[in-house]
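The values are calculated or read from the model by the stated rules, or taken from the named source; none is laboratory data. Computed from a prediction, not measured in an experiment: that's the story for all the values here. Cβ sites come from the backbone with ideal geometry, for glycine too, and all protein chains shown count toward neighbours. These accessible areas exclude ligands, DNA and RNA; they are computed on the full protein's heavy atoms, side chains included. Shrake-Rupley method; radii C 1.70, N 1.55, O 1.52, S 1.80 Å.
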Amino acid sequence: MPLGSSLTTGLYVLSDLDSSSPQCVKLEDSESLALESEGDVVIGGFFPLHYVGPEQLYSYSSRPQLAPCSGFDHRAFRWMMTMVFTVEEINRNSSLLPGVKLGYRLMDSCDHVHTSLQALFSLVTRAKVTTRAQVETLPSCLAGSPVPAMIGLASSSPSRAVAHTLGPFSVPLVSYFATCTCLTNKQMYPSFLRTVPSDLFQVRGLVQLVTFLDWLWVGTIGTMDDYSQYGIQAFSNQFRQQGGCVAFHLNIPKSPTVAEIQQMADRLQSSSAKVVVVFATEGQLLDLFVELVVRNVTGIQWVASEAWVTARLLTSPRFHPLLEGTLGFSFPGVTIPGLKEFLLSVRPSPEPGMEFINMFWEELFGCRIEFGEYKTAAENPLCTGFEDLRNTESSYTDVSPVRISYNVYKAVYAIAHALHTLMNCDSGGLKGMCEKQKSFTSGQLLNHLKAVNFTNQFEEKIYFDSNGEPAPLYDIINWQKDSRREIRFTTVGSYDGSALVGQQLQMDHINIVWTKGHSQCSPPCPPGTRQARRPREPHCCFDCLTCADGEINNQTGSTECTKCPEYYWSDKDKVKCIAGVEDFLSFTDTMGIILVALTVLGVVLTTFITTVFHYFRSTPIVKANNSEISFLLLLSLKLCFLCSLLFIGQPSVWTCRLRQAAFGISFVLCLSCLLVKTIVVLLAFRSSVPGSRALKLFGPAQQRILILCTTAPQVCLCAGCLLGAPPFPFRNPTYQATTGKIVVECKEPWPPGFYLVLGYIGLLAFICLLLAFLGRKLPDTFNEAKLITFSMLIFCTVWVSFIPAYVSSPGKFTVAVEIFAILASSFGLLLCIFFPKCYVILLQPERNIKKGITGKYPR
């Protein structure tokens, strides 16, 4: 592009109808305002001087009118004036672009796509600057634009629109504040570069920040533009991957109504998430924050993106209760020498191109200037001319340190260094001057701009990577009150997106001021519990359920409980496994004491009856009942009572081996005696002839042999079981899950052995019952068969009931059931057989005579 190319009159737009190459269609002259200065090379610039864009109303019956923007942004005006300052600084620098004067043409983008495109075409086509070259009658549209490079824009959506327009013509666009990751696409935006890192790194840093501070339950607020949509989406995805949950997301419309603002405020107030991540600009947030202030909302921890984290507009005293403690990422700031003095030297002027300065002056001081095309409300007083910027405090005059302004500063210097190389300023020209007459294209400048690599006065290396982006460096900003109770942007940490993962985030905990220490839908479950996710809610929302018995959890926030090893059980807090409590029927248990007492009672009664029978052994009633068999029966009953003691207490090797053998042999001996007594009674009373041989053939010797023969099989069976598969103590964990105790019991290696022992007892009992039943109608005076029948009915009933109760009883109650069966059957035999005789012996001795026994005693 020749340095002498001038700006020409008119506005042109692209048209590719019926043409293989872009053409220009001339529109009407634009009335867009611009802050401009002549120069050999003119750099364009776009700044959002107004943060409320115009509302376009299309009737399609008349030409659309350019509606004015509103909401003057002092900070954006500082960015614009920083570019002016930088251009003038470069023009004064004899070592950079010597002999070449840089000019500028700065436009108001209104932070809106439509106004940004209007400003773009006005910038490249409107003739306001005249240079030494011949004025061309018609430029070849953007390809012949008199502005070879442009700086802007502040927001991502307008930047995408402008970059997409400039890309096919290789016109460089260097942004100082557009951070959307979408702009990294070099196929769609080949001529786009920026001095601000992509949101890709900011999002990673914000995720690390909120998780580092244990904020896992957050809300998000954004707008409808690309910057917010891409940023919120990337943050939400990465945040969920780190275990966080997004409680809600609010979208601020471009022109929100009062009802929409109130609805968003209601959602913020009702949410349990008290940490809110916001991707928006201060102008877009202003209405919502005003509504929250009116409602006196406090207690929200705001996490700001770089778009508003250093916005002075939101630091007025009325926002302090709401926004104090805000945390966010910002770009590293510096103090630019001479910038503040330059900013304070600005004065209004009636000269063309000074309209923005005049607007600023009227806005800041609340007065109106007589000259100028754009005036404020007529009721404002006239400006006196004695207004002094030094006596004001605003985001315009706040320059220590500057961040976005520094990005503007770096962008201008990057273009200047690219021009310096392109124009051979180091090697060509007279007296070391640049080749001013050299023609170049915007594409050539773009190539040199991509290759820029220099170190500025702040010792920062300025370069662009393959995506046209700088090194991703951020400061972590915290909104804190100073001694004057004013909000200051305090740097409390840093983030280096290019460093190793563990070294990216550095924070100073001591100096941080925040609102919320934790933000969680549900606090982490303490040890001894586990997390149970609530249905249809994010995974951060859960209930804490106590670990089941036998399970523990000694960690906070665990989702599972761990089962204790075998023979171990969880403690009462469910945080550690302890050795399981052994459970058995002990002598100190209430049930054990009762059973021991019944056993002792049975032994005492048996001993008492034995003593009575021995004392009255010469009486007829004792002699008639075969005293030898009676004493053996009493002995066996005493053994039956005593064997129950082997079932009480902690099982040992010997008690396990003896208990079933003693039980089986004792009862078989008892039943053998009853069998003999029953046979004797039947033979005695069924003999038709006195002195019958049948009774003599079944004398005492035969009775002893029968007892021995019926007892011997049980002895052999018990001995075989003890030798082949002896019972042993066993810690049974089966009931640990329900009772928490380990049952110590005797394990039967061969269960059929026990049932054979029990079955043999049942066989003898059945035979006794059958024989006794046959003799039930003997004379009433001495009907021992009836007593044996009744006792055997009790015995059989007890042991038939015993089997299902034994099988279904848990733990130590199995042993208790068996002891109860032993005692019940033993008491039944003892009382039914011997109590009537003792009654006669002790209380009715007159019946204890031979006549009484034969039935001849008068009643």
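Table: residues versus (1) among the charged types (D, E, K, R); (2) outside the structural domain of GLY759 (by the TED database); (3) modelled with pLDDT of 90 or more; (4) buried (at least 20 other Cβ atoms within 10 Å of the Cβ).
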site	(1), (2), (3), (4)
HIS614	no, no, no, no
GLU628	yes, no, no, no
LEU639	no, no, yes, no
CYS643	no, no, yes, yes
CYS670	no, no, yes, yes
Handout entry: Unmet requirement for MET188, which otherwise passes all of (1) in contact (Cβ under 8 Å) with a residue 40 or more places away in the chain; (2) open to solvent by 10 Å² or more (accessible area, probe 1.4 Å)
Key = (1)
Handout entry: Matching residues in region 380-404 - criterion: being aliphatic (A, V, I, L, M) and either surrounded by 18 or more Cβ atoms within 10 Å (Cβ to Cβ) or in contact (Cβ under 8 Å) with a residue 40 or more places away in the chain (or both)
Key = LEU389, VAL399, VAL402, ILE404
Practice task
Output the number of residues of region 274-310 satisfying the condition of being more than 27 Å from PRO197 (Cβ to Cβ), buried (at least 18 other Cβ atoms within 10 Å of the Cβ) and polar (S, T, N, Q).
Solution key: 0
Handout entry: Pick from region 531-548, criterion part of a loop (DSSP other than H, G, I, E, B) and in contact with a Cys (Cβ under 6 Å, 6 or more places away or on another chain), ranking: surrounded by the fewest Cβ atoms within 10 Å (Cβ to Cβ)
Key = ARG534
Fill in the blank from the handout: Subset of region 359-377, residues open to solvent by 80 Å² or more (accessible area, probe 1.4 Å), at pLDDT below 85 and of a type outside the set (Phe, Trp, Tyr), comes to GLU370, GLU373, LYS375
Problem - Residue match in region 154-163 (condition: of a type in the set (A, V, I, L, M), closer than 14 Å to ASP226 by Cα and in contact with an Asp or Glu (Cβ under 8 Å, 6 or more places away or on another chain)) - result: yes
Handout entry: Selection status of SER427, among the polar types (S, T, N, Q), modelled with pLDDT under 90 and either under 30 Å from ASN93 (Cβ atoms) or in contact with a helix residue (DSSP H, G or I) (Cβ under 9 Å, 6 or more places away or on another chain) (or both)
Key = yes
Exercise for the section: Please give the number of the condition VAL346 fails out of (1) at pLDDT 90 or above; (2) within 22 Å of SER94 (Cα to Cα); (3) part of a loop (DSSP other than H, G, I, E, B). Expected result: (2)
Problem - Any hit, region 449-464, residues being of a type in the set (Ser, Thr, Tyr), in contact with a Lys or Arg (Cβ under 6 Å, 6 or more places away or on another chain) and either open to solvent by 70 Å² or more (accessible area, probe 1.4 Å) or in contact (Cβ under 8 Å) with a residue 12 or more places away in the chain (or both) - result: yes
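Quick one: would you say TYR406 is in a loop (DSSP other than H, G, I, E, B) and either among the hydroxyl-bearing types (Ser, Thr, Tyr) or closer than 27 Å to HIS74 by Cα (or both)? Show your work before the answer.
Numbers: in a loop (DSSP other than H, G, I, E, B): no; either among the hydroxyl-bearing types (Ser, Thr, Tyr) or closer than 27 Å to HIS74 by Cα (or both): yes.
Taking the combined requirement at face value, the residue does not satisfy it.
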Practice task
Could you tell me whether region 211-222 includes any residue that is assigned by the TED database to the domain that holds SER270, open to solvent by less than 50 Å² (accessible area, probe 1.4 Å), part of a strand (DSSP E or B) and over 23 Å from PRO523 (Cβ atoms)?
Solution key: yes
Completion exercise
Here, helices (runs of 4 or more DSSP H) confined to region 620-688 with at least 3 residues that are free of Cβ contacts under 8 Å to residues at least 60 places away in the same chain are 627-643, 653-686
Handout entry: Some residue of region 256-265 being over 27 Å from the mean Cα position of the chain (by Cα), open to solvent by 50 Å² or more (accessible area, probe 1.4 Å), closer than 23 Å to CYS521 by Cβ and not assigned by the TED database to the domain that holds GLY557
Key = yes
Exercise for the section: Report yes if THR392 is at pLDDT 90 or above and within 24 Å of GLY71 (Cβ to Cβ), otherwise no. Expected result: no
Problem - Hits in region 799-857 - residues which are within 11 Å of ILE621 (Cβ to Cβ) and modelled with pLDDT under 80 - result: ARG847, ASN848, ILE849, LYS850, GLY852, ILE853
Practice task
Scan ALA234, ALA247 and give me the residue that is modelled with pLDDT of 90 or more, farther than 27 Å from LEU183 by Cβ and open to solvent by 10 Å² or more (accessible area, probe 1.4 Å).
Solution key: ALA247
Practice task
For VAL603, state whether it is assigned to a helix (DSSP H, G or I), at pLDDT 85 or above and surrounded by 13 or more Cβ atoms within 10 Å (Cβ to Cβ).
Solution key: yes
Exercise for the section: Specify which of the listed residues (SER271, SER198) is under 30 Å from VAL294 (Cα atoms), polar (S, T, N, Q), open to solvent by less than 60 Å² (accessible area, probe 1.4 Å) and touching a residue at least 40 places away in the same chain (Cβ under 8 Å). Expected result: SER271
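From MET150, MET188, grab the single residue that is out of contact with any His (no Cβ under 7 Å at 6 or more places or on another chain) and either modelled with pLDDT of 90 or more or under 26 Å from GLU260 (Cβ atoms) (or both).
From the options MET150, MET188, the qualifying one is MET150.
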Problem - Flag if SER145 is more than 30 Å from SER255 (Cβ to Cβ) and either among the polar types (S, T, N, Q) or modelled with pLDDT of 95 or more (or both) - result: yes
Practice task
Determine if region 212-230 includes at least one residue that is under 25 Å from GLY468 (Cβ atoms), at pLDDT 90 or above and under 21 Å from the mean Cα position of the chain (by Cα).
Solution key: no
Handout entry: region 409-427, subset out of contact with any Lys or Arg (no Cβ under 9 Å at 6 or more places or on another chain), of a type outside the set (Gly, Ala, Ser) and assigned to a loop (DSSP other than H, G, I, E, B), residue least open to solvent (accessible area, probe 1.4 Å)
Key = CYS425
Fill in the blank from the handout: Inside region 550-567, the number of residues satisfying the requirement of being at pLDDT 85 or above and open to solvent by 40 Å² or more (accessible area, probe 1.4 Å) is 9
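From the list TYR760, TYR755, TYR735, exactly one residue is among the aromatic types (Phe, Trp, Tyr) and loosely packed, with under 14 Cβ neighbours inside 10 Å. Which is it?
On inspection, the qualifying residue turns out to be TYR755.
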Completion exercise
Exactly one of GLU393, GLU387 is within 24 Å of ARG368 (Cα to Cα), under 51 Å from the mean Cα position of the chain (by Cα) and among the acidic types (Asp, Glu), and that residue is GLU393
